[in-house]
1. When ligands, DNA and RNA are left out and all protein chains stay put, how many square angstrom of accessible area per residue does the chain have with a 1.4 Å probe?
2. Over the chain, what relative contact order in percent results from Cα pairs under 8 Å that are six or more residues apart?
3. At 1.4 Å probe size, with the rest of the protein present, what percent of the exposed accessible area of the chain is carbon and sulfur atoms?
4. Could you give each residue of the range 29-39 its phi-based ³J(HN,Hα) in whole Hz, using Karplus coefficients 6.51, -1.76, 1.60 with θ = phi - 60°, and x for Gly or Pro?
5. On a full-extension model of 0.36 nm per residue, what is the gain between K11 and E50, subtracting their alpha-carbon distance, rounded to one decimal in nm?
6. For H33, list long-range residues whose amide hydrogen, built 1.01 Å from N in the peptide plane, is under 5 Å from its own amide hydrogen.
7. Dipole of the chain, Cα-centred, from +1 at each Lys and Arg C-beta and -1 at each Asp and Glu C-beta, to the nearest 20 debye?
8. Starting from the coordinates of the alpha-carbon atoms of the chain, obtain the Kirkwood hydrodynamic radius over all distinct pairs and give the value in Å to one decimal.
Amino acid sequence: MEKKFCVGYAKVDVTPDFPCSLTGYGNDPVRIHETVLDHIFMSCTSFTDEQDNTILMIAAEIGRASCRE
């Protein structure tokens with residue numbers, strides 16, 4: 001008997017394409033972003049076995065180390 005196993009993958013760019021406020025900078029006044037240096041991506045990988053048991057792995061890629069000044 002052959003066992004079946006399904007795998008799926010998707011990746012989406014969720015970087016806002018409109019001005020929005022940046023938070024998390026302590027007591028600084030609200031800042032609005034003007035440009036995008038690094039895009040924000042969400043990805044999902046799914047694994048399903050022959051009994052319809054499914055596992056989802058969801059990840060957010062929210063930046064990278066950089067030497068920008």
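1. Value returned for the chain: 91 Å² of accessible area per residue.
2. 35 percent
3. 57 percent
4. Karplus values, whole Hz, x for Gly and Pro: x, 4, 10, 10, 5, 10, 9, 10, 8, 9, 6.
5. 11.6 nm
6. C20, L22
7. Around 100 debye, computed over the chain.
8. 15.6 Å
The values are calculated or read from the model by the stated rules, or taken from the named source; none is laboratory data. Remember, it's a predicted structure, so these values are computed and weren't measured experimentally. In this analysis, Cβ positions are derived from the backbone assuming ideal geometry, glycine residues included, and neighbour counts consider all displayed protein chains. What goes into the accessible areas is simple: the full protein's heavy atoms, side chains included, and nothing from ligands, DNA or RNA. Shrake-Rupley method; radii C 1.70, N 1.55, O 1.52, S 1.80 Å.
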